Amino acid sequence: MSKYKFNIAFFAAALLVLFSCNSPKTEEESEEEHLGENIVELRDDQIKMAGIETGSVQLQSLSGLLKVNGNVTVAPQNIATVCIPLGGFVKNTSCMPGNSVTKGQTLAVIENQEFIDLQQNYLETKNKLAYAEAEYKRHSELYKDDVYSQKNLQQVSTEYNNLRAQMKGYEQKLEMVGIHPANLKVDNISRSVSLVSPISGVVKSVNVSIGKYVSTTDVLFEIINTDHLLLELTLFEKDADKVQKGQKIHFMINNESEQHEAVVYQAAKSISEDNTYKVYATVSSLCKNIMPGMYVKADIETSTNELTALPDEAIVNFDDKDYIFVVERNKIENGKPFTEYKMVEIVKGVSNNKMTEVKLPLNFDINSTKVVLKGAYNLLSAMKNAGEMSC
């Protein structure tokens, strides 16, 4: 209620000055009715000055909000840790942390004698296989004509199949180090291979330098694709039944005022030792400043129901209770029109988009009862500070 303090004080003072009586009350006037403690009355000009506007309680689709914290992250398929299947020396690299890379782009060139041996063995096996295949076909024809024995055919067949297996093995090894067997010939055997990016994204870390020997267990580069960001939110066990797939999330980062949006796509199926569990959401809005690892504050829309609701400014708080003002009646006093407003206690529910659920007293007719939508705090000030306003 602090943001209304200045306005309320000013309004109360204005009422006292504007509406105080200029002449002593007669005996007849002193016998006027006394208003109840929860009633305040205003003339038409006072109503205009107080900015009173009335309307009806509405049925609104309001979502309950669950406030949670978490971090920005990415799915495992959008993170790449780049290693080399065979060790070697770094010949060159042009990558720096923060660089954008595309899938298949060269990150570094690695040299190793084993690359030469691998290519040589592949080409030698390929030539042997060609000869063994021809021999196998020839012996098969001779076996059909009863020229060769079954034993001789089996020996040729075994050698042929062994060479095929070796050939496939070398092909797989070449593919792992980035050499395409179909393009490999005697004239283009190379001692170096290009280490390429497996995904498109941004280089997070670089752990290489020219001339450094790297092994198969060394992490050379880390790459993150930030096009598909996720939220990893931490919820308490008591809220496990409030979140489900498809619910909307509004979140902020770095104390920014701009809200971003996400949608829940999965919730964890187990509770951790600290009685919390994880909820994951996909970031659905374009957010330029969001990066993995950032801390976020989020509101999850847990439910959407048709509820009786009023604008936030229609609800006043007094003595730790919440109230609204309703039009009690219109009347004429001393030839002047007055309107009586009654203060009614309510219970606040969920709030969203400057609308708040109001739980009304029994027998409250939302169709016929006029409620003060604007100027409610001015009415509260008039009732508590200005006393009876009529003259």
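Bear in mind these aren't lab numbers, they're just calculated from the coordinates by the rules spelled out. Everything numeric in this text was worked out from a predicted model, so none of it was measured. Because the Cβ atoms are built from the backbone with ideal geometry, glycine has one as well, and the counts that use them run over all protein chains shown.
Using a 10 Å cut-off around each Cβ, can you sort F221, F364 from fewest to most neighbouring Cβ atoms? Walk me through the numbers before you get to the answer.
On the way: F221 24, F364 17.
With the fewest neighbours first, F221, F364 line up as F364, F221.
I'd like the distance separating the alpha-carbon centroids of region 176-213 and region 42-102, in whole Å.
Result: 37 Å between the Cα centres.
With axes computed from alpha carbons, what is the tilt in degrees of helix 150-177 against the longest principal axis of the chain, rounded to the nearest 10 within 0 to 90?
40
Run the reach check for K103 against lysines, Cα to Cα strictly under 17 Å, same-chain hits fewer than 8 apart removed. What comes back?
K204
What ranking of S197, S270 emerges when the number of other C-beta atoms within 10 Å of each C-beta is taken as an exposure proxy, fewest first? The partial results should precede the final answer.
Values: S197 19, S270 6.
The most exposed by this proxy come first: S270, S197.
Grab the DSSP H runs of the chain that are 4 residues or longer, score each as -39,500 (n - 2.57), total them, divide by all residues and round the 222 nm result to the nearest 500 deg cm²/dmol.
Values: 6 runs with 92 residues, N = 391.
Theoretical 222 nm ellipticity from helices: -7500 deg cm²/dmol.
Assuming a ≥ b ≥ c are the square roots of the Cα gyration tensor eigenvalues, decide whether region 246-286 counts as rounded (a/c under 1.5), prolate (otherwise, with a/b larger than b/c) or oblate. Don't jump to the answer; show the numbers that get you there.
Details: a/c = 3.90, a/b = 1.70, b/c = 2.29.
Oblate is the answer for region 246-286, as a/c is 1.5 or above yet b/c matches or exceeds a/b.
What are the residues whose amide H is under 5 Å from the amide H of L107, where those residues sit 5 or more places off or on another chain and H is modelled from the backbone?
L195, V196, S197
What are the ³J(HN,Hα) couplings of region 346-359, residue after residue, when phi is run through the Karplus curve with 6.51, -1.76, 1.60 and θ = phi - 60°? Round to Hz, x for glycine and proline.
Listing the rounded values in order: 9, 10, 7, x, 6, 10, 6, 6, 6, 10, 10, 5, 10, 9 Hz.
Please work out whether region 77-223 counts as rounded, prolate or oblate from its C-alpha gyration tensor, where a ≥ b ≥ c are the square roots of the eigenvalues and a/c under 1.5 means rounded, while otherwise a/b larger than b/c means prolate and anything else oblate?
On the way: a/c = 3.82, a/b = 3.03, b/c = 1.26.
Prolate.
Each residue of region 131-141 in turn: what ³J(HN,Hα) in whole Hz from Karplus with 6.51, -1.76, 1.60 and θ = phi - 60°, glycine and Pro shown as x?
3J(HN,Hα) across region 131-141, in whole Hz: 5, 5, 5, 5, 5, 5, 5, 5, 5, 5, 5.
Take the alpha carbon gyration tensor of the chain, find the square roots of its eigenvalues, order them as a ≥ b ≥ c, and report rounded if a/c is under 1.5; if not, report prolate when a/b exceeds b/c, else oblate.
Numbers: a/c = 5.87, a/b = 3.59, b/c = 1.63.
It comes out prolate by the Cα gyration axes.
Region 279-355 to region 106-139: how many Å between their Cα centroids?
Each part's Cα centre sits 75 Å from the other's.
Check M294: other-chain or 5+ apart residues with amide H under 5 Å from its amide H, H built from backbone geometry?
V72
Compute the helix-to-body angle for 5-19: its Cα long axis versus the longest principal axis of the chain, expressed 0 to 90° and rounded to tens.
20
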